[in-house]
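Structure record follows, encoded as structure tokens.
The numbers here are math on the coordinates, done by the rules we state, and not lab data. Bear in mind the structure is a predicted one, so any value in this text is a computation, not a measurement. Here Cβ is always computed from backbone atoms with ideal geometry, including for glycine, and neighbour counts include all displayed protein chains.
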Amino acid sequence: MLRHLAYAYNHYSHHTHYGTPTSDGSPNAVSTAILIAIGLLLLALVVLSIIGLWKMFVKAGRPGWAAIIPIYNSWVIFEMAGKPGWWALVGLLYIIPIVGFIGAIVALVLSVIAMLELAKRFGKSPVFAIFGLVLFSGIGFIILGFGKAEYEVERTFSVNGVEAPELAATKPRSAKRPKKDRS
């Protein structure tokens, strides 16, 4: 009986690899290599987005070093968008239990509002704001930082080269025109 157990132990321990790291191309070595490659790719994307954010700040006349300070860079982005800088602090509410979920939603809404305005000030469309600055912000910062877009404090959206006025400045079509004085 002991001979049979010893045979089974030797057979299974030498022929199967239950998660032991090897260099012979086993799944552990391959998955480790893939994770290292993904990690390096993400690190490169983070470094490029910080450089893009730095260049974007310089284009807007802000200090480039602000891109590497976590909460302050959000403060500067909100100010560049013409919004109060303290909106960046709303994102810190997620630290507080129960309030954190609501704070995260409010911070997301405020960020979308600010990114729409920031895209407008760089002459980009609302579609770029949503996809380039909200969903894929690292890539959007690279595009704004290294692209030809110029930062202007007040700018309106342009559609096919025609400036579209601000929504607040437009009058509804049903509004009556003032009567001219014929005297």
query: Ranking Val134, Val99 by Cβ neighbours within 10 Å, fewest first, what do you get?
result: Val99, Val134
statement: Neighbour-count ranking for Met80, Met56 (other C-beta within 10 angstrom, fewest to most) reads Met80, Met56
message: I'd like the FRET efficiency for Leu42 and Glu154, computed as 1/(1 + (r/R0)^6) with the beta carbon distance as r and R0 of 41 Å, rounded to 0.05.
response: 0.65
field: Sorted by Cβ neighbour density within 10 Å, fewest at the top, the residues Glu152, Glu117
entry: Glu152, Glu117
